[in-house]
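Colleague: Let me begin by handing over the structure; questions about it come next.
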């Protein structure tokens, strides 16, 4: 036995392994520590926040990539120079490459991390590095892969041990996956949902086809040695490896469940995710079985091997928990609740850190004494390391999982998103404490291993064998079949299964028309319309968005579950992502989803928000972005610089491709105020304290502590926030003069709906009682509420039908009474800009009735018929818009209302025509090649596949050009503007006005 | 700060209970110093695997297409 061990030791270049492990100690200390810094920002958002390269968006990718490729991969690669030669019975092929590769790897880690801090970010999660670093990483891994494969295929040991299966497969898979993530995703023209489907695969291949197999290779190799026991079962090894190799490549799509990725692809990913229970439990049974009968020696042992075994078994336990969590998380109902929350973060830390980083740590405890020739310096420090790891990991991961369920439940119940974040703050603090505990363990490990190399007691040789002298033992090569040979692993597992999954889950979805057709269904008309590409400015804004890491906290993906379509807006459609490369759907929401954020807030609000988010949202944990501003020294409001303006332009574009959906967004419909029971809160004792609490959390940033409209953000805003001290409000349904007090219902409507084109956002997503309470609270700012009563409600008669005659009458009245200010065409251009000002001296312009929802200068409460009726009668408080009560009969006012609405309807119809109504050729053109054989092959092979895959699948568009009627669109728009105006109340002739022929625009675009 | 318990590291005796009561055959990887049992896959794991496969087929067929009401 000693001779054999000596010869086995001679196979290894100890200096090389030691060099890799020195750097492993560095990266195992540094990169988790960056995670600790990142976690502190969740409860102290200004921590390290004034420097651009230390913000959350810059540090986060350094932590994630650093843990994956630094803390985990560095020891893995170093340990390969240890285990591969021993398992192959020969020295590593091209062993002398090892040191240059180590320096190349460190150059990649250091240079790549610095580049991320500087803002060079490719915008692909887990694939953020720019191409020079990707190339360097690939070269190093490919070179190591060559060394490993060449060593395996020329090995002297007849057997082919399970650790080598995983090693070989991991390197082959990763060489291909990095091409997928670093070449195809950013450069090949597969954008939008195709990009998303492929990214789902890529990101999970990093975990499942690199971290998992490489980590399992370590566990399978070092646990039997550290536990000094035979591996439990060769057959379990086979089952575990081949089940993993077959199922794992398909699962990545589960990152984007409920997205426009075809439904059956999502189902495949769910099923294969659950199937992963088979290989995981096989591995668990195998590794725990290996330790069976040895638990006493391992747990009670106090030598380096015992601590290696402890960490490896701890990793095995966390593998069981983390993977079961991951499999069940893929189930649709579980994901509805937990996706985008910290539950996902719990899972990723369970698997990456608690399982495989700890597996690498355990392996290092085994190897370090053997490559330094010294006994472990302190088993006491090692013991502290174990217990700090158990305590920190358990608290962090259980806490994160729990808070994921809590936040998911809150959101499903309809809580305000920021409120759900506030609920997380104590948990996040606990997470930081737990993380510090884990990091303290790593620091102790680093001290221990450094001191071992310097001060440890030298020894001759440690045993490196768990061989048994049993009569039944035979060389492993006996009886090996194709699935136990390197060629089988390389060809079938490494290549065939990988490509099968990429084709099924990545390529086939990309040939479905909905994934590349730039068309969507307009939310308020059902019309299929074209999606416009981003402008140059918006593209620049997207680059800033990626650079600053906005996408780590904000998804752009509204799911059709848990009421997201009531919270954020209409559900995502495939067509609106067509020009998105890299796609920005996202996998995490630390902030609100941004898919429908365009025009929700004014540009001025965005400027105030990015200067200091807590100025407008006191509970926000978003970092400041002062480097996006210029003129920051004076007393006036800083202005957005070129980058800042581009970012805001991009944000304002988001979600606007599906038409004017805000007019029909049920959460903000003005009718909601009509059912208000204001009396509910009248006698409540806590209404004022509650109102104050709401005010101080939602309103104070703009309206100020004194309610005078001078909040911290007010200097950025135009129009200025309402000054509550005068008791003057714009929109009322009460009679009297233009400055009479409004009814509570009016204030409720304004709060719920927001004022489009201004900094006043909609607050439909806070409790109605909170909205009522804050109405009571803002009344304390003006004495008028004590001395005056609101006027009597304006009676609004039933809306008459929309007829050609009423439109003509309305036009005439409008031109007589309104056009002087609003312009003949209702564009708000009847007077030169700056002519008018409000009561406080702030300049304002008459409303432009043709603008879509949210555009500055448009109708602030939309084109709802009853609202316009009341505004004409009551005027707009604090502005030159007078009350017209008595000037017109109710019928005449309705005529004016209809005419004003027609201005918006016509503008929308014009916009629809301009956007391009989709023609029937959408479904006809895939096989459009002029090459006969290609065309024939396409028609006979590809179209049936497309047809099969499209059948009943979730598609982003529902276009059927034959049924599209422009008149129908016009009717739908009309109906959306007036509750009473349905198809029956609109004269058919009105719907035929200016009806054009549907333009046959060639919308079929392939290979842009 | 050197622990005397580290002396144990030099001990590398194979596991006695395995030596004396081998149930099945063993594979050895001599240069690596590893022995591997050729044990069967536990019945409970087969039950889990078959159950999951049956469930997987059911789920795949049932949810191949989106239920109309949910989307």
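Quick note: the coordinates plus some simple rules give every number you see, no bench work behind them. Just so we're clear, the structure is a prediction, and the values are computed from it rather than from any experiment. Note that each Cβ is placed from the backbone with ideal geometry, even for glycine, and that neighbours are counted across all protein chains shown.
Colleague: Could you list the square roots of 5 times each eigenvalue of the Cα gyration tensor of segment A:671-787, that is, the equivalent ellipsoid semi-axes, sorted largest first and rounded to whole Å?
Modeller: Ellipsoid half-lengths, sorted descending, are 20, 17, 15 Å.
Colleague: In degrees from 0 to 90, rounded to the nearest 10, what is the angle of the helix A:263-275 Cα long axis to the longest principal axis of chain A?
Modeller: 30 degrees
Colleague: Next question. What is the ratio of the Cα radius of gyration of chain A to 2.2 N^0.38 Å, where N is its residue count, to two decimals?
Modeller: Working: Rg = 32.8 Å, N = 1008, 2.2 N^0.38 = 30.5 Å.
Normalised by 2.2 N^0.38 Å, the Cα Rg of chain A equals 1.08.
Colleague: Each label point is 7 Å from the Cα along the Cα-to-Cβ direction; what then is the distance between the points at residue A:631 and residue A:535, in nm?
Modeller: Taking the simple label geometry, residue A:631 and residue A:535 are separated by 2.0 nm.
Colleague: Assuming R0 = 25 Å, can you tell me the calculated FRET efficiency for the pair residue A:107 and residue A:48, based on Cβ-Cβ distance, to the nearest 0.05?
Modeller: For R0 = 25 Å, the calculated efficiency reads 0.45.
Colleague: Pop a pseudo-label 7 angstrom from the Cα along the beta-carbon direction at both residue A:824 and residue A:696 and give the gap in nm to one decimal.
Modeller: So the label points at residue A:824 and residue A:696 sit 5.7 nm apart.
Colleague: How far apart, in nanometres, would the label points at residue A:429 and residue A:812 be if each is projected 7 angstrom from Cα along the Cα-to-Cβ direction?
Modeller: Placing both labels 7 Å along Cα→Cβ, they lie 7.1 nm apart.
Colleague: Something else about it: Test of understanding: what is the full-extension gain from residue A:938 to residue A:503, defined as 0.36 nm times their sequence separation minus their Cα-Cα distance?
Modeller: Here the segment from residue A:938 to residue A:503 would lengthen by 154.9 nm.
Colleague: Using square roots of five times the C-alpha gyration tensor eigenvalues, list the equivalent-ellipsoid semi-axes of segment A:281-356 in whole Å, biggest first.
Modeller: Details: eigenvalues 187, 35, 10 Å².
The answer is 31, 13, 7 Å, longest axis first.
Colleague: Here is a further query. Using only the C-alpha atoms of segment A:519-659, find the volume of their convex hull and express it per residue in Å³.
Modeller: Taking the convex hull of the Cα positions in segment A:519-659, it is 110 Å³ per residue.
Colleague: With a 10 Å radius around each residue's Cβ, average the other Cβ atoms per peptide and rank A:280-290, A:886-896, highest first.
Modeller: A:280-290, A:886-896
Colleague: Also: In peptide B:58-66, how many Cβ atoms from other protein chains are near each Cβ within 10 Å, on average?
Modeller: Mean partner-chain Cβ count within 10 Å for B:58-66: 6.
Colleague: Same structure again: Distance between Cα centroids, segment A:519-562 to segment A:20-74: provide it in whole Å.
Modeller: Between the Cα centres of segment A:519-562 and segment A:20-74 lies a distance of 29 Å.
Colleague: Taking N as the number of residues in segment A:576-671, what value does Rg over Cα atoms divided by 2.2 N^0.38 Å take? If you can, show how the numbers build up before the last one.
Modeller: On the way: Rg = 15.2 Å, N = 96, 2.2 N^0.38 = 12.5 Å.
Rg over 2.2 N^0.38 Å, computed on Cα atoms: 1.22.
Colleague: Please work out the Cα center distance from segment A:783-804 to segment A:109-178, rounded to the nearest Å.
Modeller: What the calculation gives is 70 Å, centre to centre.
Colleague: Moving to a separate point now. Can you give the helix-only mean residue ellipticity at 222 nm for chain A, where every DSSP H stretch with n ≥ 4 adds -39500 (n - 2.57) and the sum goes over all residues, rounded to the nearest 500 deg cm²/dmol?
Modeller: Value at 222 nm, helices only: -16000 deg cm²/dmol.
Colleague: Still on this structure, I have one more. Assuming 0.36 nm per residue, please report the length gained on full extension of the stretch residue A:566 to residue A:460 beyond their Cα-Cα distance.
Modeller: The residue A:566-residue A:460 span can extend by a further 31.1 nm.
Colleague: Measure nothing but the geometry: give the 0 to 90° angle between the long axis through the Cα atoms of A:890-915 and the longest principal axis through the Cα atoms of chain A, rounded to 10°.
Modeller: Compared with the principal axis, the helix lies near 40 degrees.
Colleague: Once R0 is set to 35 Å, what does the formula 1/(1 + (r/R0)^6) return for the Cβ-Cβ distance between residue A:767 and residue A:840, expressed as a FRET efficiency to the nearest 0.05?
Modeller: Between residue A:767 and residue A:840 the formula returns 0.65.
Colleague: Using a Förster radius of 30 Å, what is the FRET efficiency between residue A:158 and residue A:94 based on their Cβ-Cβ separation? Nearest 0.05, please. Let's see the in-between values first.
Modeller: Numbers: r = 23 Å, r/R0 = 0.76.
Computed FRET efficiency for residue A:158 and residue A:94: 0.85.
Colleague: Let me ask something else. Take the Cα atoms of segment A:719-761, find their three principal axes, and give me the spread along each one in whole Å, biggest first.
Modeller: 28, 19, 15
Colleague: Here is a follow-up. If I histogram all Cα-Cα distances within segment A:321-446 using bins 10 Å wide from 0, what percent of pairs lands in each bin?
Modeller: Per 10 Å bin, starting at 0, the Cα pair percentages come out as 13, 36, 27, 15, 7, 2, 0.
Colleague: Shifting gears a bit: At 0.36 nm per residue, minus the direct Cα-Cα distance, what do residue A:706 and residue A:725 gain on full extension? Give it in nm, one decimal, please.
Modeller: Once the chain is fully extended between residue A:706 and residue A:725, it gains 6.0 nm.
Colleague: Any idea what the relative contact order of chain A is, in percent, if you count C-alpha pairs under 8 Å spaced at least 6 apart? Show your work: numbers first, answer last.
Modeller: Numbers: 1817 pairs, mean separation 118.5, N = 1008.
It comes to 12 percent, rounded to a whole number.
Colleague: Once both axes come from the Cα atoms, what is the angle between helix A:277-291 and the longest principal axis of chain A, in degrees from 0 to 90, rounded to 10?
Modeller: Roughly 40 degrees between the two axes.
Colleague: Across bins of 10 angstrom width beginning at 0, how are the C-alpha pair distances of segment A:749-805 distributed, in whole percent?
Modeller: Taking all Cα pairs of segment A:749-805, the binned fractions are 17, 29, 35, 14, 5 percent.
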